[in-house]
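Chemist: Here it is, the structure in full.
Each reported figure results from applying straightforward, stated rules to the coordinates on display, with no laboratory input. The model shown is predicted, which means the values in this text are computed figures rather than measured ones. Methodologically, a virtual Cβ is constructed for each residue, glycine included, from the backbone with ideal geometry; neighbour enumeration extends over all protein chains shown.
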Amino acid sequence: MTDLELPDLSAQAEPEFSDSATAKAWLENVPLANVVAAQHQLHAQIEEFNRFGTKAISRLATLEALREAVHFVQIEQARRFTNRALPMAEAESSVFDDTLALWEQMRLGYLRCLEAVLAGEAAMRAQAALVCQRALAYTGLKMFHYHRAYRLVPAREWRALHAGYARAEALEAADAAVKDYLNRDVNDTSPRIAYLRAVLLGMANPNELSQRQLTFVAFLLERWAEKVEVLRKPPEDEDAPPLVLDLASELCPERGGPQAAEPRYLEVKRLAKSLRNRIGLLRKGESPAKLALGEDCVQPSCEQLLVFLYRQWCQAKQPRGVERKRVADAAQACNNAAAIHYYVSGRVFRQPGEQKELTAAQKDQIAAFGRLSTRDEDDYSVVHGFLLEQWKLEDESTQGLKMVRPAANPGKRYIHGQLVGVRPADAKGFLLGQVRWLVQNDAGDLYAGVRLLPGMAAATAVRPTGLNVTGAKYVQALSLTAVAAIHSPPALVLPSGWFKPKRVVEVYVEGQGAVRVRLSEMIDRGSDYERVAYEIVP
């Protein structure tokens with residue numbers, strides 16, 4: 001329990017502050033308006049201070065004096081790498097690394113204080129709970145920013161989190177009350193609450209959540225983490241398998257996970273009751289604000305998120321509606337609407353009815369082969385940027401795919417909710433799907449979960465109708481056939497913003513000409529497309 005990995009103290013360490021008073025004076029000259037410079041200065045000086053020899057009680061007071069400035073800078077810097085496509089650009093990745101590095105220096109500072117607590121220093125005995133809570137909180141903040149960047153949380157962070165809680169238990173400080181005035185909503189906390197906030201957020205499938213949802217869940221956990229108990233024995237009267245965590249592991253806890261070496265059991269009855277009550281009241285029309293869910297929480301998305309969280313935290317894993325199988329097949333993919341249209345159709349998009357004179361090269365192809373070359377034989381995709389990316393399939397079912405693109409494979413950036421075209425190695429054509437979740441690991445490999453859109457895809461074109469759009473040109477679109485087994489109607493996949501109830505558009509069908517259709521229903525919407533049902537206009 002005393003084996004803490006800390007930087008060596010050095011007589012040569014010369015930070016620009018040595019106690020809380022000099023730290024406050026130093027902060028007055030830190031350019032907080034320039035968050036990039038401020039972050040670098042804070043990191044450099046706290047790193048130096050962590051190597052500086054001083055009394056533990058003075059070190060603790062100094063770190064407490066620095067916390068507010070650190071949090072301000074970190075929140076501002078996080079804007080530069082969140083809400084971005086993946087993989088990260090080099091500049092975004094650099095800011096992400098700098099942000100994690102500063103959180104780590106704060107954690108190391110409190111671990112240095114914890115070292116004194118574990119050594120039995122008299123002046124630090126009363127500070128055991130505060131020091132444990134702060135160390136766990138900074139571990140949780142590192143993990144939260146991994147989630148916000150959709151980066152895979154390394155095993156070492158889970159190991160540090162579990163070990164931090166184990167130390168709090170050993171010191172009999174896990175449930176001791178602590179104040180944290182940097183919390184957004186609730187100042188009352190404890191080492192257990194700090195630990196459970198990180199655990200529950202990790203269990204919430206954060207790679208599926210939007211940035212707004214992630215922030216909302218973090219806000220809820222300030223108050224709701226205290227509703228969960230950590231027990232040494234399985235809770236009684238539970239129908240579902242117990243939720244087990246392992247203080248000796250480097251994994252996020254789960255129901256039915258591997259056997260634990262140092263098991264603890266999460267009692268979630270109070271949390272489950274709170275979630276069920278709020279979901280029920282929302283369904284009866286109660287406003288989210290009156291249920292202490294925040295002024296910016298709106299229906300129906302609020303209810304949907306609470307149901308999602310209830311399933312992650314309070315229910316046993318449900319069997320998949322469609323069994324997934326382990327595969328090791330390759331797949332090709334692309335994520336640009338024009339590229340998807342090109343690969344689905346097999347030809348360059350041109351305005352229907354447009355007559356274009358053949359080039360000399362095309363005339364030569366017809367003379368030599370009796371036809372024009374296809375997409376598989378020419379380099380159009382390379383010349384025009386329609387990159388066909390090489391992915392690997394890890395899991396596959398009729399409704400979804402789990403894919404990975406190794407860092408060495410070239411490819412474009414992806415965002416949640418995006419339309420993608422995927423062709424598994426054993427498929428004749430491209431399937432359409434929506435990116436459901438994304439995560440990047442430290443090696444740069446990009447993982448994606450894709451929900452497949454039902455129906456066989458075909459390339460088409462659409463244009464608006466009406467008096468005010470005379471002469472409008474066609475734009476690329478896609479169609480999907482009906483799937484009777486799941487009651488999925490035939491659908492059009494249109495660019496974002498096209499759907500209006502009962503809007504009439506003209507659809508060009510290869511070999512049949514133009515057909516007028518009425519848009520009847522929005523089936524689903526992604527970040528760059530709309531899937532809509534339609535009916536033929538007589």
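Chemist: Charges on Cβ only, +1 for Lys and Arg, -1 for Asp and Glu, centred on the Cα centroid of the range 1-222; of ILE57, LEU201, THR99, which one is farthest towards the dipole's positive end?
Modeler: LEU201
Chemist: Report, to the nearest 10°, how far helix 35-49 tilts away from the longest principal axis of the Cα atoms in the chain, using its own Cα long axis and a range of 0 to 90°.
Modeler: It works out to around 40 degrees.
Chemist: Okay, next question. Cross-link candidates for LYS473: which lysines have Cα within less than 22 Å, leaving aside residues fewer than 8 places away along the same chain?
Modeler: LYS473 reaches LYS356, LYS500, LYS502.
Chemist: Here's a follow-up. Quick check on the range 1-222: take the gyration tensor over C-alpha atoms, sort the square-rooted eigenvalues as a ≥ b ≥ c, and tell me if it's rounded (a/c under 1.5), prolate or oblate.
Modeler: The shape class here is oblate.
Chemist: If R0 is 51 Å, what FRET efficiency do you get for ARG347 and PHE308 from their C-beta distance, rounded to 0.05?
Modeler: Working: r = 42 Å, r/R0 = 0.82.
With a Förster radius of 51 Å, E is 0.75.
Chemist: Next question. Just to confirm my numbers, what's the Cα centroid distance between the range 413-483 and the range 492-538 in Å?
Modeler: Going from one Cα centre to the other spans 14 Å.
Chemist: Pull up the cross-link candidates among the lysines for LYS290, meaning alpha carbon to alpha carbon under 28 Å and not fewer than 8 places away within one chain.
Modeler: LYS179, LYS227, LYS269, LYS273
Chemist: Just to be sure I understand: if I project the alpha-carbon convex hull of the range 52-97 onto a plane and average over all orientations, what area do I get in nm²?
Modeler: Result: 4.4 nm².
Chemist: Starting from the Cα of LYS428, draw a straight line to each of the lysines and keep only those under 25 Å, dropping any in the same chain fewer than 8 residues away.
Modeler: Partners found: LYS325, LYS392, LYS402, LYS412.
Chemist: Among residues other than GLU68 whose Cβ falls under 12 Å from its Cβ, what is the net charge (Lys/Arg +1, Asp/Glu -1)?
Modeler: Values: positive: LYS24, ARG67; negative: GLU64, ASP180.
Local charge sum for GLU68: 0.
Chemist: Going by alpha carbons, how many degrees (0 to 90, nearest 10) lie between the helix axis of 155-170 and the longest principal axis of the chain?
Modeler: Taking Cα atoms only, the helix is inclined about 30 degrees.
Chemist: Using only the Cα atoms of the chain, what do you get for the radius of gyration and for Dmax, in Å?
Modeler: Taking only Cα atoms of the chain, I get Rg and Dmax of 28.1, 94 Å.
Chemist: What percent does the relative contact order of the range 457-536 come to when contacts are Cα pairs within less than 8 Å and at least six residues apart?
Modeler: Working: 166 pairs, mean separation 21.6, N = 80.
Value for the range 457-536: 27 percent.
Chemist: Next question, about the same structure. Could you state the angle between the C-alpha long axis of helix 56-78 and the longest principal axis of the C-alpha atoms of the chain, as a value from 0 to 90 degrees rounded to the nearest 10?
Modeler: Between the helix axis and the principal axis of the chain, the angle is about 10 degrees.
Chemist: Same structure, new question: I want the local charge near GLY257. Using Cβ-Cβ distances under 14 Å, sum +1 for each Lys or Arg and -1 for each Asp or Glu among the other residues. If you can, show how the numbers build up before the last one.
Modeler: Numbers: positive: ARG255, ARG264, LYS317; negative: ASP246, GLU250, GLU254, GLU262.
Once positives and negatives cancel, what remains is -1.
Chemist: Under 5 Å between amide hydrogens, which residues at least 5 positions from TYR529 or on another chain qualify, with H placed 1.01 Å from N in the peptide plane?
Modeler: SER496
Chemist: What nm value, rounded to one decimal, do you get for the distance between ALA91 and ASP175 when each label is placed 7 Å out toward the C-beta?
Modeler: Distance between label points: 5.1 nm.
Chemist: What are the ³J(HN,Hα) values, in whole Hz, obtained from phi via the Karplus relation 6.51 cos²θ - 1.76 cosθ + 1.60 with θ = phi - 60°, for each residue of the range 478-495 in sequence order, with x given for Gly and Pro?
Modeler: 9, 10, 10, 6, 5, 10, 4, 4, 10, 6, 9, x, x, 9, 10, 10, 10, x
Chemist: Using Cα pairs closer than 8 Å and at least 6 residues apart in sequence, work out the relative contact order for the range 388-446, in percent.
Modeler: That works out to 29 percent.
Chemist: Here's another thing I want to ask about it. Show the residues, 5+ positions off or on another chain, whose built amide H is closer than 5 Å to the amide H of GLU262.
Modeler: Counting only residues 5 or more places away or on other chains, the set is LEU247, ALA248.
Chemist: Could you sort the peptides 66-78, 197-209 by per-residue average Cβ neighbour count (10 Å cutoff), highest mean leading?
Modeler: Working: 66-78: 17.7, 197-209: 22.4.
Result, highest mean Cβ count within 10 Å first: 197-209, 66-78.
Chemist: Please state the relative contact order of the chain as a whole percent: Cα pairs under 8 Å, 6+ residues apart?
Modeler: For the chain, the relative contact order is 9 percent.
Chemist: Here's something else I'd like to know. Modelling each spin label as a point 7 Å along the Cα-to-Cβ direction, I'd like the ASP296/ALA155 distance in nm, to one decimal.
Modeler: In this crude label model, ASP296 to ALA155 measures out at 3.7 nm.
Chemist: Then there's this: Mean residue ellipticity at 222 nm from the helices of the chain, using -39,500 (n - 2.57) per DSSP H segment of n ≥ 4 over the full residue count, to the nearest 500 deg cm²/dmol?
Modeler: Computed mean residue ellipticity for the chain: -11500 deg cm²/dmol.
Chemist: With r as the distance between the Cβ atoms of LYS502 and ALA61 and R0 = 45 Å, compute the FRET efficiency 1/(1 + (r/R0)^6) and round to 0.05.
Modeler: In this case the efficiency is close to 0.10.
Chemist: Something else: Need the full-extension length gain, ALA514 to ILE536, defined as separation in residues times 0.36 nm minus the C-alpha distance. One decimal, nm. Could the numbers behind the result be given before it?
Modeler: Values: separation 22, 0.36 × 22 = 7.92 nm, distance 1.13 nm.
Stretched fully, the ALA514-ILE536 segment lengthens by 6.8 nm.
Chemist: Just for the Cα atoms in the range 250-307, what are the lengths along the principal axes, largest first, rounded to whole Å?
Modeler: Largest first, the range 250-307 extends 46, 19, 16 Å along its Cα principal axes.
Chemist: I've got another one for you. For the range 425-480, list log₁₀ I(q)/I(0) at each q in 0.23, 0.28 Å⁻¹, using the Debye formula over Cα point scatterers of equal strength and ignoring solvent, two decimals each.
Modeler: Log10 of I(q)/I(0), two decimals: -0.95, -1.08.
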